[in-house]
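Visitor: There's a structure below that I have some questions on.
The values are calculated or read from the model by the stated rules, or taken from the named source; none is laboratory data. Remember, predicted model here, so these are calculated numbers, not experimental data. Because the Cβ atoms are built from the backbone with ideal geometry, glycine has one as well, and the counts that use them run over all protein chains shown.
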Amino acid sequence: MKLARKDLKRLGLPGAAVLALALAAAACNFFANNYLQETKVQSAAASAQRVEVQTRLARATEEEHEIKENLQQYRALLARGIVGEEKRLDWVDSIMAIKNELRLFNIAYDIEPQQSLDASGAARGGNADFVFSRLKLDMPLLHEEDLLNFIGSLSKRGKAHVLARSCKVSRAERGSGATTLVPRLQSTCVFDLITIHHDKRA
C-alpha cells in the first residue's frame, strides 16, 4: 500500500503525538529509575542509622547495668569497711573478739606498715588505690577447724579483704602426762589485709 502525500500530512500530527508520548515515557522511566535508586539509598541510610541508634541504645543500657552493678559492689565494700582509711585498731579488736568467741588459745600477731598493692601487680584504676597491711599470725590450735573458723570470722568482720598468703600447720610439742587442755597443733600464717583508698588528688 502506497501512501499519498496528503496522507502523510494527515499522519504528521498523530506521529508527533506518538513521538512525544514515547519521549515522555522514556523520561518518566528515567526519572522513575532515579527515584527508585534514591529511595533505595535513603532506605539503606535509614536502616544503617536505625542500626546505629539501636547499637548505641544497647551499649548505653549495658553501661547503665554495669554502673549499677559496680555501685552495688562499692556500697557492699563500703558497708564492710574496706573502702577508706585502714582500721588497724578495729583489726586488733576483731582478732581479740574472735579469739574469745571461738575460745582459742593465745594468739601472737604482728601487723606490718601499709604498702601499695601495685608492688604485687595490681593495677591502679580511676582515683582509687589498693593498699594492704601484712598480718603475721602465730596461733596454737586444738584442731585444724579452729584455724578455718578464725579465717572465716576475720574475713566477715575484719573490715578489710583478707587474702591468705601462706599458712603452715605443724604438731605442737606437748609435755608428758598433761591433764589440762593443751594445743595439739601450731599454725603460722601470713595474710594481706587489703583496703581501698580514694586518691583525693585525682
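Each row is one residue, and each column tells you yes or no for (1) assigned to a helix (DSSP H, G or I); (2) surrounded by 14 or more Cβ atoms within 10 Å (Cβ to Cβ); (3) at pLDDT 80 or above.
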{"residue": "41", "(1), (2), (3)": "yes, no, no"}
{"residue": "52", "(1), (2), (3)": "yes, no, yes"}
{"residue": "67", "(1), (2), (3)": "yes, no, no"}
{"residue": "77", "(1), (2), (3)": "yes, yes, no"}
{"residue": "95", "(1), (2), (3)": "yes, yes, yes"}
{"residue": "105", "(1), (2), (3)": "no, yes, yes"}
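Visitor: Counting only residues that are under 35 Å from the mean Cα position of the chain (by Cα) and of a type in the set (A, V, I, L, M, F, W, C), which one in region 131-148 is farthest from residue 185 (Cα to Cα)?
Guide: Per the stated criteria, the residue is 131.
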